[in-house]
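All remarks here apply to the structure that follows.
The values are calculated or read from the model by the stated rules, or taken from the named source; none is laboratory data. Note that the structure is predicted; figures quoted are calculated from it, not measured. Positions of Cβ are generated from backbone atoms using ideal geometry, with glycine treated the same way; all protein chains shown enter the neighbour counts.
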């Protein structure tokens, strides 16, 4: 069983959510602990899959003219195969197995509507086991903040 995170671990996570590139020395100063302690705790949090430190892309600046998500209904007996096929599609950056009217939700980013058309007709529709899907295009990001603290 995984050890329970203590207050220091939770504070380190909170600070990294605000700035994933925060130097360990700065985190240590804020928490009153050494840089070495921060470094070892961050390493443990990453190694034990409590956190991952990633870059959140600005899709517009990266040239993605169209972003959104797709809710996919599958043949329940082929869901594993569908998930494996979706993992191979470059335009898909997020896949979740969900409960509800659809079994899978994916997020995508493409250059333009022609690329979206190709994604849907040549890649998504070609996967055996997909029964139906609904595409949701993001028109505007209203709140795009990954530093929120769900632990408070």
Checklist entry - How many residues are assigned to a strand (DSSP E or B) and more than 21 Å from residue 122 (Cα to Cα) if we restrict to segment 97-111? => result 1
Next on the checklist: As an exercise: evaluate residue 70 against (1) under 19 Å from the mean Cα position of the chain (by Cα); (2) surrounded by fewer than 16 Cβ atoms within 10 Å (Cβ to Cβ) and give the number of the one condition it does not meet.
Outcome noted: (2)
Next on the checklist: Please determine whether any residue of segment 77-96 is farther than 30 Å from residue 136 by Cβ and either touching a helix residue (DSSP H, G or I) at 6+ places or on another chain (Cβ under 6 Å) or surrounded by 11 or more Cβ atoms within 10 Å (Cβ to Cβ) (or both).
Outcome noted: no
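So that you can scan it fast, the table gives a plain yes or no per residue for (1) more than 30 Å from residue 134 (Cα to Cα); (2) at pLDDT 95 or above; (3) under 20 Å from the mean Cα position of the chain (by Cα); (4) in the same structural domain as residue 128 (by TED's automatic domain parsing):
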position: 18; (1), (2), (3), (4): yes, no, yes, no
position: 39; (1), (2), (3), (4): yes, yes, no, no
position: 92; (1), (2), (3), (4): no, yes, yes, yes
position: 97; (1), (2), (3), (4): no, yes, yes, yes
position: 114; (1), (2), (3), (4): no, yes, no, yes
Checklist outcome for this item: Over segment 121-131, the set of residues in contact (Cβ under 8 Å) with a residue 40 or more places away in the chain and either on the phi < 0 side of the Ramachandran plot or not assigned by TED's automatic domain parsing to the domain that holds residue 85 (or both) is 124, 127, 128, 130, 131
Next on the checklist: Checking the condition touching a residue at least 60 places away in the same chain (Cβ under 8 Å) and in a loop (DSSP other than H, G, I, E, B), which residue from 56, 72 passes?
Outcome noted: 56
